[in-house]
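Worksheet: the structure to be examined is printed underneath.
The values are calculated or read from the model by the stated rules, or taken from the named source; none is laboratory data. Since we're looking at a predicted model, the values are computed, not measured. Please note: Cβ atoms are built from the backbone with ideal geometry, for glycine as well, and neighbour counts cover all protein chains shown.
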Amino acid sequence: MSPGDGNGRGPVRGRRQSVADRPAPISAQASRSARQRAIRELVGRRPFESQGQFVRELTARGFVVTQATVSRDIAELGLVKVTRGGRHVYVAPEDLAPRPVIDDRLRRVLADTRVTVGRSGLILVLTSSPGTANAIAQGIDESSLHEQEGTLAGDNTLLVLFADEERLERWHRKFREMQGLALPDAGRPDSGARTEREADR
């Protein structure tokens, strides 16, 4: 008798994989854990202002999600919306502790670089020497100046965008104080040439 399977039915040449032998599908709990880990990673990497942004990013990563799913995940993770840099963004609970406000970097840059301020509508146009716009933008991002909607840096020109007149003037006043210059024209931005010439004397 040839080797068999012990029941006298002949040799065992292989058998089809039974349902019991197949890998178990990922459980709903494991899928949720992976999804929530991804959400926490995303929040730590860049600002998210809406649940729709999470849905798009998670979908791109291969997760099957709806806005309702993301909403539940946000609640379970304890994410909350706060205002940062003039934007309403989601943050993790551990990031809610007050962060020290540091203006020293911006003050140092402004002490070493002459910056003139112009205006176009609700945009302030900061002009400095070549190659300095990005350093000024980074200093602004790290400072206590939060009235702006955003900044756009070129080589020697930086655009600072605002939602309304009041925020623009408040921001400009603080910025001029950091420069050590008086605000000309009762709070109205201008080229700053007159005040800066006075400061150079």
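The listed residues are Phe54, Phe63, Phe48, and the only one of them that is part of a loop (DSSP other than H, G, I, E, B), modelled with pLDDT of 90 or more and under 30 Å from Glu147 (Cβ atoms) turns out to be Phe48.
Residues that are surrounded by fewer than 15 Cβ atoms within 10 Å (Cβ to Cβ), in a loop (DSSP other than H, G, I, E, B) and modelled with pLDDT of 90 or more within region 66-96 comprise Thr66, Gly78, listed in sequence order. Being out of contact with any Gly (no Cβ under 7 Å at 6 or more places or on another chain) and either closer than 17 Å to Gly85 by Cα or outside the structural domain of His88 (by TED's automatic domain parsing) (or both) is a property that Thr116 lacks. Filter region 145-160 for residues that are in contact (Cβ under 8 Å) with a residue 40 or more places away in the chain and acidic (Asp, Glu); which is nearest to His88 (Cα to Cα)? Per the stated criteria, the residue is Glu149. Within region 47-62, residues that are on the phi < 0 side of the Ramachandran plot have Cβ atoms under 7 Å from residues that are assigned to a helix (DSSP H, G or I) and of a type in the set (Ser, Thr, Tyr) in these pairs: Gln51/Ser71, counting only partners at least 6 apart in sequence or on another chain.
Within region 108-144, the residues that satisfy the criterion of being in a loop (DSSP other than H, G, I, E, B) and either touching a residue at least 40 places away in the same chain (Cβ under 8 Å) or loosely packed, with under 13 Cβ neighbours inside 10 Å (or both) are Arg114, Val115, Gly121, Leu122, Ser129, Pro130, Gly131, Glu142, Ser143, Ser144.
Residues checked against (1) at pLDDT 90 or above; (2) closer than 24 Å to Arg45 by Cβ:
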| site | (1), (2) |
| --- | --- |
| Ile102 | no, yes |
| Leu110 | yes, no |
| Leu124 | yes, no |
| Thr132 | yes, no |
| Leu145 | yes, yes |
| Leu152 | yes, yes |
